[in-house]
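The values are calculated or read from the model by the stated rules, or taken from the named source; none is laboratory data. Since this is a predicted model, take the numbers as computed values, not measurements. With ideal geometry, Cβ positions are generated from the backbone for all residues, glycine too; neighbour counts draw on all protein chains shown.
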Amino acid sequence: MNPLDDASLLALIKNPVTREKGYRLLVTNYQKQVYGVIRKMVIIHEDADDITQNTFVKAFKHIDKFKGDASLFTWLYRIAVNESLNFLKKKKKHDFFTLENHEKRMASYLDTSPYIDGNDIQRLLQKILLKLPEKQRLVFNMKYFEDLSYDQIGEITQTSIGALKASYHHAVKKIEKEINGD
């Protein structure tokens, strides 16, 4: 099945007769991408799964507030990013984790989880990314892994393109430094 454009999805969702079908198609069209951005932020599969579900629940509850000034993709990503960042803040506060302990826990998960596949280089990159500040990690993930443009990332994060380019540049430099052992 080909993904529907935003206007068609919204028309289905806004019609009480086809609302449920519209929601199902919205999830089908965007779940993989939304899960991907969340997973790269929170690492742990079960957490990413829960946050993905929360993202779509929040989107469903607030679909009437969607203005259409951005794409549904951008709007969902914005919700997913905010949900991920809020989750990480709550997790650190609730578990009384220092940033270093949190990084070690996530790195350990990368080594032992059956949900993580990939070779040693990919695991190393993921571990290095855990050391980045959340905003830099988010921008790097969206630019490098998701191949989003700075315009798209700017819409999602509501950040200026200049600040995004700086975040990405700093992230790349820190990654290079870690890989080179400097």
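Overview of results
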{"read-out": "Condition broken by K67, with the remaining ones in (1) crowded, with 17+ Cβ neighbours inside 10 Å; (2) part of a loop (DSSP other than H, G, I, E, B) satisfied", "value": "(1)"}
{"read-out": "Residues within segment 37-64 that are of a type in the set (V, I, T), surrounded by 20 or more Cβ atoms within 10 Å (Cβ to Cβ) and part of a helix (DSSP H, G or I), tallied", "value": "6"}
{"read-out": "Some residue of segment 80-92 being at pLDDT 90 or above, in contact with a Phe, Trp or Tyr (Cβ under 7 Å, 6 or more places away or on another chain), within 21 Å of F140 (Cα to Cα) and not β-branched (V, I, T)", "value": "no"}
{"read-out": "Selected residue [free of Cβ contacts under 8 Å to residues at least 40 places away in the same chain, of a type in the set (G, A, S) and closer than 30 Å to L129 by Cα] from A7, A80, A48, A70", "value": "A48"}
